[in-house]
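The numbers here are math on the coordinates, done by the rules we state, and not lab data. Nothing here was measured: the structure is a model prediction, and the numbers come from that model. Positions of Cβ are generated from backbone atoms using ideal geometry, with glycine treated the same way; all protein chains shown enter the neighbour counts.
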């Protein structure tokens, strides 16, 4: 089945089974399991619902070509939509920023590759990345149900980007605590048996959009104190950062070359975060591009 045939059949099926009207649009409400490469977002406007779930047909077509049956995919979509049940969303609560801020978390994406999407989104620049802000409707199931905050919503709250940046980080530490774990198996063989040269991964407890944990207060400085030295950060995807102590002696240019190769050959396009390697200086407490050091 071609993509066009799959897309048409999927949307027709959802239209009949859910009574939905399908329109093109941005991801105003989405779950992690529904987010694809954003080549084409389809908004499902379902009668008597104020929230409109978004699906990405290309994402589900990939699952179809990888062996999932069409029937399984339809059920997956319906299950994911169930997690956007507006009974779990308090519209009055959302309108009150002092309450809504407790549901906000930051998310890191590539700045240059998302210019069109960012036109309507509230965001802050961070090196060559963009920090967008998402409202977590539900985080209790495997599906993380969120929607991104727009400029209009930010204006309605009458808060600055600096304020939402600070508040989202504060709430994210509670909703998605960070984890840093050694992963020696990913090191070159010559380093694997040396316990003094561990390789670490920074993410959150959900393993979803965990690269944003670099924004959490004191995370990088505490880690530098723990290992007693400066370190490099490889943005392996939007979901995690790899941390390499400087004493490993691996050239940042070699790391960047490896990162570019992995991004182009292995990482899904929608999950690529950056082609740049970063460097944290223990003395200054600042993160910057590795090429400057």
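Using Cα pairs closer than 8 Å and at least 6 residues apart in sequence, work out the relative contact order for the stretch 99-175, in percent. Working shown, then result.
Values: 117 pairs, mean separation 29.7, N = 77.
Rounded, it is 39 percent for the stretch 99-175.
Peptides 101-108, 282-289: what's the order by average Cβ count within 10 Å, highest mean first?
Working: 101-108: 21.2, 282-289: 12.6.
In descending order of packing, they fall as 101-108, 282-289.
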Given a Förster distance of 41 Å, report the FRET efficiency between residue 1 and residue 258 from their Cβ-Cβ distance, rounded to the nearest 0.05. 0.65
Convex hull volume of the stretch 178-292 per residue (C-alpha atoms, cubic angstrom): 102
Report the gain in length on full extension from residue 268 to residue 281: 0.36 nm times residue separation, minus Cα-Cα distance, nm rounded to one decimal. 1.7 nm
What is the distance, in nm, between label points placed 7 Å from the Cα along the Cα-to-Cβ direction at residue 126 and at residue 98? 2.7
The stretch 215-274, convex hull of Cα, quarter of hull surface, nm² -> 4.4
In nm, to one decimal, how far is the residue 114 label point from the residue 76 one, both placed 7 Å along Cα→Cβ? 2.2
Base-10 log of normalised Debye intensity for the stretch 99-175 (one unit scatterer per alpha-carbon) at q = 0.12, 0.20 Å⁻¹: -0.31, -0.86
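What order do you get for 65-74, 162-171 when each peptide is scored by the mean count of other beta carbon atoms within 10 Å, highest first? Mind dumping the intermediate values first?
Values: 65-74: 11.9, 162-171: 17.5.
The packing order, highest mean first, is 162-171, 65-74.
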Quick one: if you stick a label point 7 Å off each Cα along the C-beta vector at residue 180 and residue 219, how many nm between them? 1.0
Using 0.36 nm per residue, how much length does the chain from residue 205 to residue 11 gain when fully extended, once their Cα-Cα distance is taken away? 66.5 nm
For residue 160 and residue 21, what does the FRET efficiency come to when R0 = 51 Å and r is the distance between their Cβ atoms, rounded to the nearest 0.05? 0.90
